[in-house]
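The values are calculated or read from the model by the stated rules, or taken from the named source; none is laboratory data. What you see is a predicted model, and the numbers here were worked out from it, not measured in a lab. Heads up, the Cβs are rebuilt from the backbone with ideal geometry, glycines too, and the neighbour counts pull from every protein chain shown. These area figures cover heavy atoms from the full protein model, side chains too; ligands, DNA and RNA do not enter into them. Shrake-Rupley method; radii C 1.70, N 1.55, O 1.52, S 1.80 Å.
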Amino acid sequence: NPCLTIQGSGPNILRFLDSGGSATSLDLTFRTGGNRLQFERTSDASTFFSIDADDGQAIFTGANTFTVNANNNGANFKFINDTHNAKFHLVSTGANKNSQIFFGDAADDSIGSIDYDHANNSLIFKVNGSTRSIIDASGKLAVGTTTPYTYSIATFENNNGITLQGSTQGRLLFRHTG
């Protein structure tokens, strides 16, 4: 048995007002034209969250931060796709911006990160708060330093070994420090 039924031919709106009845409130709107349930600002009808009733797609819009707070021992956020490859896109449309993924703990919410710098097209890996590896736009790799060098590793088809090549010479060093 429904507790509340709203019926009509146009958009069905449930309006939430503040204590003063302010027009800068929130509307929960079901739009039959697009078959969407939307949260809209009352003042300008701008949508900042919607769910498609047909396919369940959720869309967040606006400049606000989106946070998932799931306090359990399971996966907090999953992408599931049984038809195509699962994709996760971080798109930065601003000039010279970065696309970043941060890893944190209770002491530091950005102790590690993967950072794609769109200004110079480099990929930076940070561990324990410091840059530990960089791949620059030309494919040069820095490991344990912030200066990328050209390295390549290739195996021969006849299984004769591995070749390490640097920009000036190839070296393989085994060192005992004990």
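Applying a threshold of 8 Å to beta carbon distances and a minimum spacing of six or more residues, or different chains, the list of pairs starting in region 28-56 at a residue that is at positive phi and ending at one that is open to solvent by 70 Å² or more (accessible area, probe 1.4 Å) reads 35/54.
Any residue at all in region 65-75 that's modelled with pLDDT of 75 or more and open to solvent by less than 50 Å² (accessible area, probe 1.4 Å)? I'd like the intermediate steps shown before the answer.
Initially, region 65-75 is screened for residues modelled with pLDDT of 75 or more, giving none.
Scanning region 65-75, I find no residue that is modelled with pLDDT of 75 or more and open to solvent by less than 50 Å² (accessible area, probe 1.4 Å), so the answer is no.
How many of the residues in region 25-48 are closer than 19 Å to residue 8 by Cβ, modelled with pLDDT under 75 and polar (S, T, N, Q)? Residues flagged as closer than 19 Å to residue 8 by Cβ, modelled with pLDDT under 75 and polar (S, T, N, Q) within region 25-48 amount to 2.
When region 129-151 is limited to residues that are open to solvent by less than 60 Å² (accessible area, probe 1.4 Å) and part of a loop (DSSP other than H, G, I, E, B), the one that is modelled with the lowest pLDDT turns out to be 148.
Open to solvent by less than 80 Å² (accessible area, probe 1.4 Å), more than 30 Å from residue 109 (Cβ to Cβ), modelled with pLDDT of 75 or more and not acidic (Asp, Glu): is that true of residue 51 in this structure? Against the criterion (open to solvent by less than 80 Å² (accessible area, probe 1.4 Å), more than 30 Å from residue 109 (Cβ to Cβ), modelled with pLDDT of 75 or more and not acidic (Asp, Glu)), residue 51 does not qualify.
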